[in-house]
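What follows is calculated from the coordinates using simple rules that are stated; it is not laboratory data. Here the structure is a predicted model, which means the values were calculated and not measured. So basically every Cβ, Gly included, is an ideal-geometry build from the backbone, and we count neighbours across all protein chains shown.
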Amino acid sequence: MLDPAINSFFIERKETWLKKNVKASMDELQVKELSQVCEQQFSLNEWLPNAAKRAGQISMATHPCTFSHPSARKNKNGYVSSVLVNVERIEDGFLKTGNVSAATDALGNAAALDVYKFLTLMMADGKSLLEHIQQDTDLATALLTIKSVSYQELKAGFMAMAESSAENITSSKIKQVYFPVGDNDIANSETNNYHQLSLLTNSGMVYQLRSRLDKLRFSDEIKELRDKKRKNEFSEQGFSEIYGLTTIGYGGTKPQNISVLNNQNGGKAHLLSSLPPSIEKRDVYFPTSDFFVESFKKYDYADTFKALHKVFEDHRNNIETRDKRDRYLQDIIDLLIEKMWSVRAISQAQYHQETSKIASHQLTWLHSDYEKERESSDQWLDKLVIEISRWISRSYEKVLARKAITLGEEERLLFANIVEHNREFLK
């Protein structure tokens, strides 16, 4: 008795053949005759010898050359070597061949894909039919013992699909690199040795990735969870999203010419984003040594100081001139207070005590943890008022350079007075 998977395979093949060949115009007798032809064609005595001859047209491979270039299958020296790698799994944390459980691929004549499907059928015991044939099990012996051809001849034909190439043949269409080995002393050309490496793709891993991503994105469970989120319904279970995926196509309109796995997946695979992380540029930094030096750029206040300079040059001493002067000075203080609040907002995240050299009165002023100290004492604020007055003088001289007028005690007292008026806003 044949394994259920084998029975299902032949039933499907017969149905497909009859659907293709039976025409609506045929009478009952013609349909019956075709059914008999179909039964004969897919009998073990006829189909197995034919399949064994065609098995060699398909080569099992873990790294098909056609993923590097669709025309790399054959060159003037013959067919490119079939690479079938069997690597023991190693718990070393690397994503590589052997460490991922992935299906073995195959490439070759698309007309022989039915043989590949037959040999990769999973039997009731969890082994593939090909494994049974390799191990000469009772199932394989019973299946391949027919009248027309010997068991050994059928086995040899089927096993040709899983045989590695006798010699290593590559193709110029495959990307290649020269990898230095041994003593590569540039001065001594005789010792310069290289391996020429042809870079191939593990197609099983490519489509294992697609399978996992599709399950993560489109499984019924994920669709249900997304629907709950959209309806704002509670769920104890969360789900993950994968962004920045790219879909790549192999083989164009003929994915079957690339490989079996490629054909099964419609030639489409997914690529994870390998771009460097997009780091948001900080506009505000917590100062490491001095707020006035590190938190301001010249362009922050240059226009205001230039406008203030024009007022200083105006020798008219009237209420309009004085109001304009005080308004520009208040604009500068407002800018400083705005910076103060911006720095306080990021103080918890950016302040590092071990690397900070900032003065204690500035730390008290700027760090959100010192709110109580700011309210309970004014010593820090007294120092700050003096420091701000000096900063205004320095900044004016820095912006105007040679054009700056020489500031006297009267101007410095004016600056201190403006700062003093804003004392409470600096806490």
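Laid out as a table, the results:
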read-out	value
Lys pairs under 21 Å by Cα in region 207-271, provided they are eight or more residues apart or on distinct chains	6
Fewest-first ranking of M26, M1, M161, using other Cβ atoms within 10 Å as the exposure measure	M1, M26, M161
Estimated distance in nm for a label pair at I405 and S43, the labels positioned 7 Å out from Cα along Cα-to-Cβ	11.8
Built amide H within the under 5 Å cut-off of A106, gap 5+	A61, V260, L261
Eligible aspartates and glutamates near K306 by straight Cα distance, threshold 19 Å, same-chain separation 8 or greater	D314, E320, D323, D326, D331, D334, E397, E411
Label-point separation in nm, L18 to D227, each point 7 Å along Cα→Cβ	3.8
Note, ³J(HN,Hα) from phi for region 298-311, Karplus 6.51, -1.76, 1.60, rounded to Hz, x at Gly and Pro	4, 6, 4, 10, 4, 5, 5, 5, 5, 5, 5, 4, 4, 5
Charged-residue dipole, Cβ positions (Lys, Arg, Asp, Glu), the chain about Cα centre, Debye nearest 20	1460
Straight-distance crosslink candidates among lysines, where the alpha carbon sits under 29 Å from K310 and sequence neighbours closer than 8 are dropped	K297, K298, K324, K339, K398, K403
Note, ³J(HN,Hα) from phi for region 27-44, Karplus 6.51, -1.76, 1.60, rounded to Hz, x at Gly and Pro	8, 5, 5, 5, 5, 5, 5, 5, 5, 5, 4, 4, 4, 5, 5, 9, 6, 4
Spatially proximal lysines relative to K53 (Cα-Cα < 22 Å; intrachain offsets below 8 disregarded)	K14, K74, K117, K147, K155
FRET E, pair K398, L335, Förster distance 22 Å, beta-carbon r, rounded to 0.05	0.90
Potential extension, Y285-D378 segment - 0.36 nm per residue separation minus Cα distance	30.9 nm
Estimated FRET transfer efficiency when R0 is 22 angstrom, pair A156-K127 (beta carbons, to 0.05)	0.65
Binned Cα-Cα distance frequencies in region 207-271 - 10 Å width, integer %	20, 38, 25, 14, 4
Region 291-426, Cα convex hull volume normalised per residue, Å³	114
Calculated FRET value between R412 and E354, using beta carbons and R₀ = 51 Å, to 0.05	0.85
Leading residue at positive end of dipole, the chain (Cβ point charges), from L199, V419, L129	L199
Between 0 and 90°, nearest 10: helix 4-21 axis offset from the chain longest Cα axis	80
Charge dipole (debye, nearest 20) of region 207-271; +1 at Cβ of Lys and Arg, -1 at Cβ of Asp and Glu	220
Footprinting exposure proxy for S59, S43, S295 (fewest neighbouring C-beta atoms within 10 Å first)	S43, S295, S59
Potential extension, S235-V293 segment - 0.36 nm per residue separation minus Cα distance	15.8 nm
Convex hull (Cα only) mean projected area of the chain, reported in nm² to one decimal	43.9
E163 paired with K147, simple spin-label distance in nm, labels 7 Å along Cα-to-beta-carbon	3.0
Length-normalised contact order for the chain - Cα pairs under 8 Å, 6+ apart - percent	13
Cβ charges +1 (Lys, Arg) and -1 (Asp, Glu), total dipole of region 22-67, debye	300
